[in-house]
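Comments concern the structure below.
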Amino acid sequence: MIAAYRSVRNQTQQLCQPLAVEDCVVQTMKLVSPTKWHLAHTTWFFEQFMLMNFFTGYQPYNEQYLYLFNSYYNTVGPQHCQAQRGYLSRPTVEEVYTYRQQIDAHMIDLLLTAPQDNIPELRNLLVVGINHEQQHQELILTDIKHVFSSNPLMPAYNTPDSEPASHPIQSMHWIEHQGGLADIGFEYHKLSQDKQYQALSDLFQIDDGLAARALLCSEFCFDNEKPKHTTFLQPFAIANRLVTNGEYMGFLEDQGYEKPEFWLSLGWQWRKDNNATHPLYWYKQDDIWKQYTLAGPLTVDPNEPLCHVNYFEADAFARWAGYRLPREDEWESATSNCKLDGNLMESNRFHPITPDPQSNETKLIQAFGDVWEWTSSPYTSYPGYQPADGALGEYNGKFMCNQQVLRGGSCATPTDHIRNTYRNFWSPETRWQFTGIRLARDI
């Protein structure tokens, strides 16, 4: 367990290595948190839910941090205003790193000395904490992208070791599904107590952090992925690949942003209120479409997957193209046999890439990584859903209103964090995340 914990904590700090201190304190909109805040909040999570509950005699590192770095857990106390996180020049970035070091030391002591009877519960909390930190790893990347894009210098966060080749894109093909009964949701295989203790014993022997994380989190899912249940699907077809920049340019050239007949009412209002005319981070230079990326400004490649559109834009494009967005149960059923790999965070590209031109047109590709795929499904509970007990019950369930489900992960999602049952969710106007489009249709 210690190796798994250290692995995720080190990975977060490695993501911050390209950043200057000044980069880590900027907040460019309410939903974009400073990198410093992410570093502190993920530390607060372990302190609040593990050290304060299980470490005998533990005293908070700093009482004020319990307020400053609580995000939305009302059960454990009030929080600092989200939109004012960028106002906090103190604690300094250095002080936040010291906070991380101190909490890490206490966490390792806790994992080494906890009574055996506490280990199963500590393991469960540790797994949640690791997955929570992985979510914030993605947010560190998407938030710093928004920060850097707001700077006229448009600085680069990283430069990939090599540029992926741009291939002519294959025509879109449709993979048909005949519908019928489908099992949806995560299936948990509960181990006996003896096997739990054996698995935990094995974990203490593993030095490889990634291997330890894989074993530790192999049976984990968030509560919103449960319970597994049976649903009925009508026959449908789903596109074998993602929508490309070039295909979306067709929507722009046809003045799609000026045609209300393709837009939901709320979407049309959003478009007018924000004067939206193209995807986020796109701009024209000498009549050529450019885009800001974490590698700096680049010319928009028409063969790459489209990125940084919100639900309203995705739905409008689908209507314009004569199709629709997939429902989340269709997406899960269609990807149930897809290999769980792709252009994910560990590729260090942090940008969608053109699929292999030799990809089999009869198989669904780019299911994982590149971009989170909008679905037409509102974020609601599954039949029989029960939120977790206590404060962690606030993690997902209370957001089941005015959100849309996204599936598949992105180029900023850690590889061992994603699975085909994973339900991401954002409000429909969200587009600073790595979000894109896969089309579907009825048959």
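Taken together, the values in this text are just the output of simple stated rules run on the coordinates, not laboratory data. Please read all numbers here as calculations on a predicted model, not as lab measurements. We place every Cβ from the backbone using ideal geometry, glycine too, and count neighbours over all the protein chains shown.
Data table
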item: Cα Rg over Rh - region 2-149, Kirkwood; result: 0.96
item: Pairwise label distance in nanometres, Ile175 with Glu253, each label 7 Å out on the Cα-Cβ vector; result: 2.9 nm
item: Burial ordering of Thr113, Thr12, fewest other beta-carbon atoms within 10 Å first; result: Thr113, Thr12
item: The chain: calculated mean residue ellipticity at 222 nm from DSSP helix runs of at least 4, using -39500 (n - 2.57); result: -10000 deg cm²/dmol
item: Among Ala334, Ala156, Ala316, residue whose mean-square fluctuation peaks in a GNM of the chain (springs only between Cα atoms under 10 Å); result: Ala156
item: Residues Ser381, Ser218, sorted so that the one with the fewest Cβ neighbours within 10 Å comes first; result: Ser218, Ser381
item: Within a Gaussian network of the chain (alpha carbon springs, distance under 10 Å), most fluctuating of His308, His177, His146; result: His177
item: Rg to Rh, two decimals, where the chain supplies the alpha carbon set and Rh follows Kirkwood; result: 0.96
item: Rounded to 10°, Cα long-axis angle of helix 2-15 versus longest principal axis of the chain; result: 50 degrees
item: Too-long pairs where the Cα-Cα distance tops 26 Å, listed order kept, from Lys226/Lys398; Lys284/Lys363; Lys145/Lys290; Lys145/Lys259; Lys30/Lys398; result: Lys284/Lys363; Lys145/Lys259
item: Gain upon complete extension [Gln79, Glu94; 0.36 nm per residue less C-alpha separation]; result: 3.2 nm
item: Helix 93-113 axis, angle to the chain major axis (alpha carbon atoms, nearest 10°); result: 60 degrees
item: Whole-number percent relative contact order across the chain, with pairs defined as alpha carbons under 8 Å at least 6 apart; result: 20 percent
item: Degrees separating the helix 119-149 axis from the principal Cα axis of the chain, which is the longest one; result: 40 degrees
item: Simple spin-label estimate for Gln59 and Leu266 in nanometres, 7 Å along Cα-Cβ; result: 4.9 nm
